[in-house]
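Colleague: I have a structure here, written as structure tokens, and I will follow up with some questions on it.
The values are calculated or read from the model by the stated rules, or taken from the named source; none is laboratory data. Quick caveat, the model's predicted, so the values are computed rather than measured. Reconstructed Cβ throughout: ideal geometry from the backbone, glycine too, with neighbour counts over all protein chains shown.
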Amino acid sequence: MSSVVSVESNTNGQRGNSRSINGTKILSTLIGITIIVAILAPLVPLVIWSFGSSWFFPDLLPSKVSMRAWTYVFSETSRAMEALWQGTLIALAATLLSMIISIPAGRALGLYTFRGKRVVEFLILAPVIIPVLAVAMGIHIAFIRFGLADTVLGVVIVHLIPTTPYVVMVMSSVFANYEPEYEEQARTLGAGPWRTFIHVTFPAIFPGLLVAGMFAFIISWGQYILTLLIGGGRVVTLPLLLFSFASSGDNSVTAALSMIYLLPAILILIVTSKYLTGEGAAMGGFGA
């Protein structure tokens, strides 16, 4: 009799656990759908505007539908495709350089405690604190002397100012939770510095590095003032075109450019979303 009661209690317990698990899954799904809707909802007016040539209050939809905006955006006259590829190249180059700089800097700040560490952290964060316009004006004068003004290389270098502090902060948090003992074990087994980094260090920091790269790319991708001042109008990116058409009052073309402008950031966010949380993500405090 007691065995029958225990079996029934175990069965009831399993049913209760399965119900709680299903409830958790349903709640997680609902939260995910809510987040997606909250992100995509502001894009709906842009999509409608990009196909509408006449849309006035209180109409819910445009009175006329046209492909004029998209036809113009994909034409050579708009320079949108040139700005897209050039902006992507600049953002990727700035991301790669900031990651190369930030890996040793983040390792030093995350793993070691040394005299003047807080001062170094403040200096790294200084470009984020100081107004961008003030920094850009001084850099522009220096770049004119060195021949870097109005060039793609100059724009890539100046994009390191806003991107590098964020990447260093993320990598510092990653290395704060890193175990260097694995590197020591690899060296005792005969691995050199390069092989140790490729097979031990890099796989361990890869999730955090990916998140840091996402931040760097999005920040560089959205730069307007630095690109305008250093590029001098010759280096054209999508933010420059977007502001130009937004000030002209052409809502349809502005909406179409906005959709193209948002696409890379959304794609990168989707690809790196699984690394934003969890043990491998960039967790912990700066300079811990």
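Colleague: Considering only residues that are at pLDDT below 85 and either in contact with a Gly (Cβ under 7 Å, 6 or more places away or on another chain) or closer than 18 Å to Leu46 by Cα (or both), which ones fall in region 233-253?
Modeller: Listed by number, the residues that qualify are Ser244, Phe245, Ala246, Ser247, Ser248, Gly249, Asp250, Asn251, Ser252, Val253.
Colleague: Right, here's the next one. So which of Thr201, Thr163 is in the same structural domain as Val120 (by TED's automatic domain parsing) and at pLDDT 90 or above?
Modeller: On the way: Thr201 fails: at pLDDT 90 or above.
Of the residues listed, the single one that is in the same structural domain as Val120 (by TED's automatic domain parsing) and at pLDDT 90 or above is Thr163.
Colleague: Scan region 226-253 and report the pairs whose first residue is farther than 20 Å from Phe74 by Cβ and in a loop (DSSP other than H, G, I, E, B) and whose second residue is β-branched (Val, Ile, Thr) and modelled with pLDDT of 80 or more, with Cβ atoms within less than 6 Å and a gap of 6+ or a chain change.
Modeller: Hits for this filter: Val235/Val152; Val235/Val155.
Colleague: Moving to a separate point now. Are any residues in region 254-265 in contact (Cβ under 8 Å) with a residue 24 or more places away in the chain and aliphatic (A, V, I, L, M), and if so, which ones?
Modeller: Ala255, Ala256, Leu257, Met259, Ile260, Leu262, Ala265, listed by residue number.
Colleague: Which ones in region 144-156 are under 18 Å from Gln223 (Cα atoms) and in a helix (DSSP H, G or I)? Walk me through how you get there before you give the answer.
Modeller: Here is the first cut: in region 144-156, the ones under 18 Å from Gln223 (Cα atoms) are 148-156.
Passing the criteria: Val152, Leu153, Gly154, Val155, Val156.
Colleague: Something else: Can you name the condition, by its number, that Val73 falls short on among (1) of a type in the set (A, V, I, L, M); (2) buried (at least 19 other Cβ atoms within 10 Å of the Cβ); (3) at pLDDT 90 or above?
Modeller: Only one criterion in (1) of a type in the set (A, V, I, L, M); (2) buried (at least 19 other Cβ atoms within 10 Å of the Cβ); (3) at pLDDT 90 or above is unmet by Val73, namely (3).
Colleague: Give the residue that is farthest from Pro162 (Cα to Cα), with candidates limited to residues of region 66-93 that are in contact with a helix residue (DSSP H, G or I) (Cβ under 9 Å, 6 or more places away or on another chain), touching a residue at least 12 places away in the same chain (Cβ under 8 Å) and charged (D, E, K, R).
Modeller: Arg68
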